[in-house]
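Any read-out appearing in this document is the output of simple, stated calculations on the displayed coordinates, not a laboratory observation. The shown structure was predicted, so the numbers you read here are calculated from the model rather than taken from an experiment. For neighbour counting, all protein chains shown are included, and Cβ atoms are generated from backbone atoms with ideal geometry for every residue, glycine included.
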Amino acid sequence: MNGRSRLSPTMDRFLVMRFMEPFVFSLGAFSAVYVLGDFFDRFDELVQYEGLNWVGLEYFLLKLPLIVSQLLPIACLVGVLLAFALLNRSGEVLAFQGLGISRLEMAAPVLVVALLISLFDFGFSETVVPITTRQARHIYTVQIKKGVEKGVFAFRRLWLRSRDGFLSVDRYDGRQPPRLYGITFFHLGPDHNLVDVHKAESATWDGRLWRPSNAHLLRIGDDGSVNALTEGSFPIDFRPADFILVRLDPEEFSLGELNHYIHSLRRKGLAPGGYVVDRDLKYATPLACLIMVALGVALSMDPLPRHMSLGRSFGLGLLIGFGYWVVLGFTSSFGHSGVIPAWLAAWLPNAVFATIAVSIFLFGEEH
């Protein structure tokens, strides 16, 4: 025994509760502001389509899991900054340090909770968020705006129903100009028999029509014979907006679905594009909860603690959180465009902010 005081389980619980109270409050406040902002942003459409009713309420409730998942990192950061601002103001951090308790020992229970929040965020984003986000979009598009879903996402492909057949697409790329990859159109006759099959490697939207590349036609004879023909046109009577409606956003995929979709595209010789970045982000983003808490702890606990007011702590949390999402936005955009590798686009923000947190903590230890 060296006689140095250590944190007891009671003090661990005390520090955890001091963190959880502002964390839960921040998460609730940010979620409420987000929902209100979304409500006022869609207010004109809700009035126009008579969505100010229970269906509209259901839509916002179903969006809440996605909102909570996205706000967890910044709520963690603000929560830890507010918690230690309160502890610093009451002199409790100085009391701990006077007893010889290190900053790392004080940070450890809070970091453990932050790790658990990161694991919860990962699991929550893989189970609840995809289901509720898909249902929210369906309610808004079909029940509120009275739209018609012309297709579905099934078997890792986009399927759309037209007047005289079915269109199947491996991948839709919404970047300008919009492109389709792996296209098959099954043309049906008046009695719903298969007349011919149009296939194309890809097609590009020119503002009015889809211009196919490497297109050919399989004509089905009455006797069941098949004749292969080359054609320069393609019977796609859908516009890019129809594919946007059917295509799932990354948050509507589970990790397993996204992995299967990427592997399916690669097996067919198609580039998965930004979907690889979206997959890596599903691993990297939840870890931001732990990194934000580590950064907040490093900023809050100097050898002689800074007496940061609650207002400054709250503002600093918002500023750092905004900076993280700005960096993530830049790197993910570069990743989607192929400028940098997918893994770098997803993990670079975490690496940058984790390095900042460790550097601040170690620099403070030297004083």
Checklist entry - What FRET efficiency do you get for S102 and S359 if R0 is 22 Å and r is their Cβ-Cβ distance, rounded to the nearest 0.05? => result 0.80
Item to check | Student exercise, region 12-59 dipole from Lys, Arg, Asp, Glu Cβ charges, in Debye to nearest 20 | outcome: 360
Next on the checklist: Can you give me the long-range amide H partners of L188? Hydrogens built in the peptide plane at 1.01 Å from N, cutoff under 5 Å, separation of 5 or more residues or another chain.
Outcome noted: G165, F166, V195
Item to check | Extension reserve of the T10-L218 stretch, reckoned as 0.36 nm per residue once the Cα distance is removed | outcome: 67.4 nm
Item to check | Length added when fully stretched, E21-Y283, from 0.36 nm per residue minus Cα-Cα | outcome: 91.6 nm
Item to check | Using a Förster distance of 45 Å, the FRET efficiency for R89-I131 (Cβ separation, nearest 0.05) | outcome: 0.55
Checklist entry - Quick one: length gained pulling V142 to N259 fully straight, 0.36 nm per residue minus the C-alpha distance? => result 39.3 nm
Checklist outcome for this item: One finds, for A29 and V55 with R0 = 30 angstrom and r their Cβ-Cβ distance, a FRET efficiency to the nearest 0.05 of 0.70
